[in-house]
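Structure record follows, encoded as structure tokens.
Nothing in this text is a laboratory measurement; each read-out follows from the coordinates by a stated rule. Since this is a predicted model, take the numbers as computed values, not measurements. All Cβ positions, even for glycine, are placed from backbone atoms using ideal geometry, and neighbour counts span all protein chains on display.
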Amino acid sequence: MRLLLIHCDYMEYEVKKRTGVAEDIDDASRAGRMEEALTVFTAVEKGDEADIEEVARRALENIEDVAHKVNTSNIVLYPYAHLSSSLSSPEAAMHALRIMEEQLASRGYTVMRAPFGWYKAFRLSCKGHPLSELSKTIELERHAKSVSIAPAGRVDVPQALTAEERLVSSFYILTPEGELVEPERFDFADHQSLKKFLTYETEKKRAVDRIPPHVELMKRLELVDYEEGSDSGNLRYYPKGRLIKGLLEQFVLQQAAQYGAMEVETPIMYDMNHPTLRRYLDRFPARQYAIATDKKMLFLRFAACFGQFLMSHDMVLSHRHLPLKMFELTRYSFRLEKRGELVGLRRLRAFTMPDMHTLCRDMTQAMEEFYQQYHLCMRTLESIGLGLQDYEVAVRMTREFYEENREFVASLARAVQKPVLLELWSERPFYFVLKFEFNFIDALDKASALSTVQIDVENAERYDITYTDEDGSLRHPIILHCSPSGAIERCMYALLERAHLCQQDGRLPTLPTWLSPTQLRIIPVSEEHVDYALSLLDRLQGVRVDVDDREESVGKKVREAGVEWIPYVAVVGEKERKSGLLSITVRSLSERSRPHIEQMSPEELRNRIMRECEGLPTRPLSMSTRLSERPRFK
């Protein structure tokens with residue numbers, strides 16, 4: 001990065017004409033003037049893209065040093081491409097400028113930033129003392145590229161993220177009786193998971209310092225693996241993993257439809273310079289991927305929000321239509337999460353987010369819907385296999401909202417009949433005034449949000465979404481954001497981590513029967529019983545059943561079925577062929593070294609498995625029925 005720093009009596013500019021990479025600006029930004037200022041002409045260079053944050057940090061050190069020496073707190077940031085012949089991409093330059101602008105402002109400086117990508121006229125009066133004209137060159141060390149490479153097309157950090165980092169909030173424990181208790185006065189003896197969650201929230205240590213157990217499990221079970229040919233946080237799904245993921249997707253779609261949501265589909269990329277979207281990017285706490293085309297800078301969506309909002313803007317709505325629900329299963333949403341936080345299925349850069357938005361007439365209706373969706377999320381997770389005992393509840397809001405709605409907030413703790421974590425903000429940092437999350441606490445004591453609902457009080461006006469009220473006037477609705485399950489991948493992570501925790505407690509790890517890639521495995525005792533095993537398939541229709549016809553010992557086959565967490569295992573030989581009954585090992589009732597075995601007919605077994613999966617989606621086996629015909633995944 002090249003800097004030219006001039007201490008001046010005044011600096012003023014006026015916008016003349018936009019270029020092809022110009023940022024959108026409002027009328028107030030078309031001209032500016034600042035007195036007694038340090039003007040910083042800035043050129044971001046190609047080499048800076050290896051680590052924009054580090055370059056910006058060093059530039060800030062130099063700017064603050066000079067500002068201190070010339071005794072000024074007024075800073076003008078002026079993008080000036082003429083300082084270098086090796087310029088960075090426009091998005092990288094904007095990213096650096098916004099970091100510098102936000103950091104200087106947060107440190108007490110008065111900052112004026114001239115618009116990027118515009119031809120401008122400017123005038124300044126240089127003071128003429130020894131420190132009034134200085135030039136600086138900021139360079140990364142030679143090894144920087146091998147240490148921290150910024151993905152191509154990285155977009156600037158949203159204001160919401162920097163606001164979140166600066167956010168000061170207060171944490172309390174809210175009991176089912178409605179009592180608000182300061183954490184240091186609460187007895188956590190019977191609530192160790194809640195204590196871990198509180199620690200995670202207050203210490204804000206998000207990075208993972210060792211590999212969590214579910215990563216080994218997702219690989220060993222041949223579900224999911226890393227993909228070196230892609231960006232970090234983008235995974236490959238093997239047939240079994242794709243089956244589980246597809247069933248979860250199908251189930252959440254089914255839940256949303258039963259709740260009355262209209263399924264829609266929206267694009268996965270949007271114009272970064274669209275004025276409404278630009279403002280929303282700054283209000284959403286996530287980093288984005290960017291794509292440069294010949295005419296536009298686009299970003300990959302991080303949720304279905306803006307697609308559904310743009311659609312809602314074009315609807316003709318009456319108060320009779322409300323509450324109105326829209327749903328999309330976004331495969332995929334993209335967020336440029338920090339590398340140190342990426343691990344397994346817990347936190348990804350590409351993920352599947354079930355995203356439902358509800359347009360509500362007013363805050364009263366929004367709170368009624370919020371409470372109903374709170375219960376919808378509980379039912380959804382329960383069916384997936386995660387009960388109230390498996391997650392902790394966080395309710396977050398402005399202090400003003402809490403004071404005005406104490407009884408409503410207390411009802412959320414009563415509904416789960418256990419204490420919840422309450423976070424109160426002194427001011428509203430985001431577009432919502434209230435949200436809840438169901439948070440799973442894993443083996444590393446890290447918390448991960450699953451289901452969530454937010455009450456959005458900004459975006460209806462931002463996107464000019466209106467409905468006609470009873471008196472004929474146009475009004476902006478209140479919007480609920482709801483993900484009934486949270487990211488599909490994170491549900492898989494939670495199920496695997498929970499299975500590991502069960503194993504640590506001496507129990508057998510399992511997946512719910514409806515999600516198990518193989519629900520029943522038949523093991524012939526010899527080659528001459530393979531045909532009999534295969535003949536049973538017609539009597540077990542609707543069940544995902546496979547046959548281990550490999551040339552291995554029965555003992556090894558039984559052990560491997562256990563390693564794969566198969567819910568039901570049948571060993572068939574001459575006795576079974578003659579009697580017509582199967583000896584079934586039921587995993588959910590078994591203990592280590594103590595298998596639970598029951599005798600039943602194929603029809604009885606089929607009916608039992610079907611009852612366990614009643615009302616839940618089903619899919620056929622994802623690989624060959626015969627294990628001898630299946631590939632192995634490294």
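Observations on the structure shown:
- In order along the range 402-419, the Karplus-derived 3J(HN,Hα) couplings, from 6.51 cos²θ - 1.76 cosθ + 1.60 at θ = phi - 60°, round to 4, 4, 7, 9, 4, 5, 4, 5, 4, 5, 5, 6, 4, 5, 9, 6, 7, x Hz, and Gly and Pro are given as x.
- Of G229, H274, S590, farthest towards positive along the dipole that unit charges on Lys, Arg, Asp, Glu beta carbons give the chain: G229
- For R539 and S593, the FRET efficiency from 1/(1 + (r/R0)^6), where r spans their Cβ atoms and R0 equals 30 Å, is about 0.45.
- Peptide ranges 591-604, 71-84, 6-19 listed from the most packed, as the mean C-beta count within 10 angstrom indicates: 71-84, 6-19, 591-604
- Helix 52-70 and the long axis of the chain differ in direction by around 30°, with both axes built from C-alpha atoms.
- Between the range 352-377 and the range 27-45, the Cα center-to-center distance that results, in Å: 44 Å
- Neighbour-count ranking [beta-carbon atoms within 10 angstrom, fewest first] of L388, L359: L388, L359
- With 0.36 nm allotted per residue and the present C-alpha distance subtracted, the S601-T618 stretch has 3.9 nm of extension available.
- Ellipticity estimate at 222 nm from DSSP helix runs (n ≥ 4, -39,500 (n - 2.57)) divided over the chain, nearest 500: -9500 deg cm²/dmol
- Inter-label distance, nm, simple model (7 Å from Cα along the C-beta direction), S628/R550: 1.3 nm
- Cβ crowding within 10 Å averaged over residues, with 345-351, 334-340 ranked highest first: 345-351, 334-340
- C-alpha center-to-center spacing [the range 400-414, the range 182-258] in angstrom: 29 Å
- Filtered trypsin sites (Lys or Arg not before Pro), the range 184-214: DSSP coil and at most 12 other beta carbons within 10 Å: K204, K205, R210
- The gain in end-to-end length when the V264 to L388 segment is fully stretched comes to 41.6 nm, 0.36 nm per residue minus the alpha carbon separation.
- Amide proton proximity set for L434, modelled H, under 5 Å, gap of 5+: I455
- Inter-probe distance in nm under a simple model that places probes 7 Å from Cα toward Cβ, at K127 and E203: 4.7 nm
- Full-stretch length increase - D469, H68 - with 0.36 nm per residue and alpha-carbon distance subtracted: 138.7 nm
- Close amide H contacts of R113 (hydrogens built in the peptide plane, cut-off under 5 Å, sequence separation of 5 or more or a different chain): L77.
- Around the Cα centre of the chain, unit charges on the Cβ atoms of Lys, Arg, Asp and Glu (plus for the first two, minus for the last two) sum to a dipole of about 1360 debye.
- Close amide H partners of V393, meaning residues 5 or more places away or on another chain with modelled amide H under 5 Å apart, are L421, N439.
- Those residues of the range 518-548 whose amide nitrogen sits under 13 Å from the label point placed on R608, 7 Å along Cα→Cβ: 520-521
- Listed values for the range 576-588 are Karplus-derived 3J(HN,Hα) couplings in whole Hz (6.51 cos²θ - 1.76 cosθ + 1.60, θ = phi - 60°), namely 5, 5, 6, 7, x, 9, 10, 8, 10, 8, 9, 5, 5, and x replaces Gly and Pro.
- Among 247-258, 483-494, the order from most to least packed when residues are scored by Cβ within 10 Å on average: 483-494, 247-258
- Each of L253, T72, A415 was scored by the projection of its Cα onto the charge dipole of the chain, and the greatest displacement toward the positive side belongs to L253; charges sit on the C-beta of Lys, Arg, Asp and Glu.
- Under Karplus coefficients 6.51, -1.76 and 1.60, residue-wise ³J(HN,Hα) of the range 236-249 in Hz, glycine/proline x: 9, 10, 6, x, 5, x, 5, 5, 4, 4, x, 5, 5, 4
- The range 450-469 residues near the modelled N405 label - backbone nitrogen below 14 Å, point 7 Å along Cα→Cβ: 453-458
- Look at where the Cα atoms of the range 499-529 and of the range 421-481 average out, and the two centres are 40 Å apart.
- Sorted largest first, the principal axis extents computed over the alpha-carbon atoms of the range 513-629 equal 38, 31, 28 Å.
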